[in-house]
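What follows is a set of notes on a single structure, which appears directly below.
The values are calculated or read from the model by the stated rules, or taken from the named source; none is laboratory data. Treat the numbers as computed from the prediction; the structure is a model and nothing was measured. Please note: Cβ atoms are built from the backbone with ideal geometry, for glycine as well, and neighbour counts cover all protein chains shown.
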Amino acid sequence: MKLEEYKSGQYVKMEDYKAFIPSKINYNWGWDDTKLDKLLAEANRQIGELNAYSLLIPNVDLYIKMHVKIEANKSSRIEGTRTTVEEDLLDVTDINPEKRDDWEEVQNYVKATNYGVKRIKDGFPVCTRLIRELHKILMQGVRGEYKTPGEFRTSQNWIGGSRPSNAVYVPPPHTEIAECLTDFEKFINNEEIDTPDLIKIAILHYQFESIHPFLDGNGRIGRLLIPLYIQSKGMLDKSCLYISDYIERNKDTYYDMLTRVRIYNDMIEWIKFFLEAVIETSETAKEKFRNVVELTKEMDKVIMDLPVKPENAKKVLDVLYDEPIVSRKKILELIDIKPTTLNVCINALKEKNIIIETTGYSRNQVFAFQKYIDLFLK
C-alpha cells in the first residue's frame, strides 16, 4: 500500500464527544516521494556510523548510561516534569521535597529503559507484553500509580481539556483497544513485508500515540519504544539513539505533525519529521562520544600531574564517570580508599577545576564532574 494513499481512521460519535479510531497499519508500505527516499538513506547511513563508532569506544556502556539519564529527563519534561539533569543525578535526599515526585518519575524512566534494553538483548521481542511490563515500572509509586500500572485502560481517556467534550484529542474507546493493539503488534513483528525498519517505527510511534492505550504515561512509553525497536532489529548493537531531546526542542512541531496525520492523512510529513530527528540525533550522539573520548584522554594526562598517586585519582574519576554528581560519603562506599587519601584527591581535582563542590557546606559535600555533564547537555 502507498503511503500517499494512507487514510488515518475515523471519528465515532460517543455521548457528547467524538473519539478517533486509527485505521490498521499492518501492510507492506511503499511510496513515490523521492525526498522520503533521500531522508531514509541518510538516516540509515547516520545510524550505521553511530553503530560503528559506539563499538570502537572503550567504556561506551558507561557513557550510554549518561545518555539514558538525559533521555529520561527530556522525555519526562515533555510531559511536564521540572527537574534539571543535575537534579536527576542527585540522591533523593538531596532533592527539594517539591520536586521529589518529578525526580521519581525520571528515575522510573531510567529503570524502564534499562529493563527494556536488557529484555531485547536477551532476545525478547517488542510486543504488548513488554510494553505493559515497561509501563508497570514507569508508573511504580509515582503520581500515575492509581492509573493501573501495567494494564491497558478500561475507560475513556483524552488529551487536553477538562473532559472529552472539550479535549484536543480523544483516543479510541477502550472497547477498541484490543483490536487496535493486535494490528499494532502484528505490524511490529511482520517479517513478510519489506517496509524499512525506520519507516515502520515512525508509523508505530504515531499509531501508539493515537491508540493511547494507558490512562497515563503513553507519551513516555511511545518514545521509549523507538530505541528498543531499533535495537531489536539489529540496527544498533548498543542502545545509544534517544530522540526525546530533539522532540522536546521541537515539541510544537512534533504534536502538530501527529495531529496532521489524523486530520489530513499526512503520514509522509510525519515520517520526514521523524527521520530528520533520527539524523540529527545520530550526528549529535557521535559528536558527544567523540568529545567524551577526548575528555577521557585529557583527564588521563591531568591525573599524571596531580600531587596524588595516579591510581587513586583514577579510582575517584571512574566513580565520577559513573555518577557525575556524588557525595564524599558515596565515593568512600564505592571504592577502597582512605578518607585522608580521598580528601587529597578531591582537593587536587578541585584545584584543576575538574570537579566543583555544589553544596557550599563544609560537611556532607557533593561534587559535580561538570565538564563531563556539560558534554551531554550541548
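Couple of notes before you dig in:
- Flag if I354 is at pLDDT 90 or above, surrounded by 17 or more Cβ atoms within 10 Å (Cβ to Cβ) and assigned to a loop (DSSP other than H, G, I, E, B): yes
- The helices (runs of 4 or more DSSP H) found wholly in segment 263-348 and carrying at least 1 residues that are in the same structural domain as D197 (by TED's automatic domain parsing) occupy 267-304.
- Only listed residue being β-branched (V, I, T) and at positive phi, chosen from T93, T148: T148
- Single condition I263 does not satisfy, out of (1) more than 27 Å from K111 (Cβ to Cβ); (2) crowded, with 22+ Cβ neighbours inside 10 Å: (2)
- Residues considered: L39, L62. Of these, the only one that is in contact (Cβ under 8 Å) with a residue 60 or more places away in the chain, crowded, with 18+ Cβ neighbours inside 10 Å and in a helix (DSSP H, G or I) is L39.
- Within segment 1-36, being aromatic (F, W, Y) and touching a residue at least 40 places away in the same chain (Cβ under 8 Å) holds for Y6, Y17, F20, Y27, W29, W31.
- Candidates D61, D37 - the one that is over 17 Å from Y246 (Cα atoms), within 17 Å of the chain's Cα centre (by Cα) and of a type outside the set (A, V, I, L, M): D61
- Residue within segment 67-84 that is crowded, with 16+ Cβ neighbours inside 10 Å, free of Cβ contacts under 8 Å to residues at least 40 places away in the same chain and among the hydroxyl-bearing types (S, T, Y) present: yes
- Annotation note: Cβ proximity below 7 Å between a residue of segment 227-252 that is buried (at least 18 other Cβ atoms within 10 Å of the Cβ) and a residue that is among the aromatic types (F, W, Y) (sequence gap 6+ or interchain) occurs for P227/Y242; I247/Y254.
- Residue within segment 9-20 that is loosely packed, with under 13 Cβ neighbours inside 10 Å, out of contact with any strand residue (DSSP E or B) (no Cβ under 9 Å at 6 or more places or on another chain), under 27 Å from L215 (Cβ atoms) and of a type outside the set (S, T, N, Q) present: yes
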